[in-house]
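To start, the structure itself, in structure tokens.
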Amino acid sequence: MVLIIPLLCIFIIMYVQEKRRFANAVVFGILMMIIGMDVLLYVIPSLSKDSQIFTLIYLALLAALVPITIFSMTIATFFNSKILLEKEGRRLSNLFFGLLGFGISFLIITFVVMVFTGQAANNRLMLLYLWGALLFGYALFLYSCVILYATLYYFTPIFYKPDYIIALGSGLIGDKVPPLLASRVDKAVSLYDKYAAKKGVPPILVMSGGQGSDELVAEAVAMRDYIVEKYGIPSEHILVEDQSTNTAQNMRFSKQVIEQHCGGRPYRSVFVTNEFHLFRASIYARKAGLDAEGIGSRTALYYVPNAFTREFIGLLEMNKKYHITIFILVTMFIALLLRAYW
């Protein structure tokens, strides 16, 4: 409890100042970890001290918590990868979530083999194992932080009425809008109708996405045509940003289109993307200087874990200087210990 209150205050200040930061996820993850440890180690035991049966059940569950969690995560990663490969095709990009389970299994199996073969007594070998476990544990910790914070960000309501609603492109099939992209466009239109019903004056829709090498038209053009044909929204209520090729450019070029349209007047905006992409896209919006919070569109449940893992890798790349520094420090620490045992 001593750490929880100051850490909670720090997080609230950071969150109020700017929600769209990776550092928020780390602080929030540490806060949730400390709260969880306090509940497990202090709160539940104090509540169960008058019941011997409850205490025994609690201790049994606590002892089994780590192996059950690891086993469940491993099975879940493999099971999800199997479904994804069957539904989305056999591509390496569909195996990222499964690699997480493979990493957990590898560390466990390696440790068990080392113990039963007597290699656990080999200090140098154990230090090398510790090096790999520390780096993997660091990545797993960040992954957990991002999951927790991305969930919080997704469920945080937006209280202002936007002047512009940006829908981010995600690839076409020829000149057709596929289901993944359609979910974003449909969500943008539902927001358009919602704010039009509340305020009478609808926001302007901004379709953002350039033309890929395997696409017949720019994504933004296909998205606009999809809206006009399916919903009958006037084309003059839709702006087209058709030059971007990635999320960073989506935000930067959409900002330029909006500012050209509004003539320098103050404006507020939101962007729509799939739920797994929401947090990383919000960071790109902040970097572009775009005053926009994100709203997530629903995605097929089987698709989310692997897609989110790809997003996590993208987040690591965005902050690679910090993670490389951690890697170097851990490696230097293990190297010093190795030298002592050489």
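Where a number appears in this text, it was derived from the coordinates with a stated rule and is not lab data. Bear in mind the structure is a predicted one, so any value in this text is a computation, not a measurement. Don't worry about glycine lacking a Cβ; one is built from the backbone with ideal geometry, like all the others, and counts go over all protein chains shown.
So the values come out like this:
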read-out	value
Packing-based exposure ordering (other Cβ within 10 Å, fewest first) of THR299, THR156, THR273	THR156, THR299, THR273
Counting DSSP beta bridges with both ends in region 164-299, the antiparallel % (nearest 5)	5 percent
Computed E for PHE136/TYR160 - FRET, C-beta separation, R0 35 angstrom, nearest 0.05	0.25
Karplus-derived 3J(HN,Hα), 6.51/-1.76/1.60, for each residue of region 105-119, Hz, glycine and proline x	4, 4, 5, 5, 5, 4, 5, 4, 4, 5, 5, 6, 9, x, 6
Cα-based shape type of region 146-233, given that a ≥ b ≥ c are square roots of the gyration tensor eigenvalues and the cut on a/c is 1.5	oblate
Gain on full stretching of the segment that runs from ILE4 to LEU128 - 0.36 nm per residue minus C-alpha separation	41.2 nm
Region 186-342 shape via C-alpha gyration tensor axes, a/c threshold 1.5	prolate
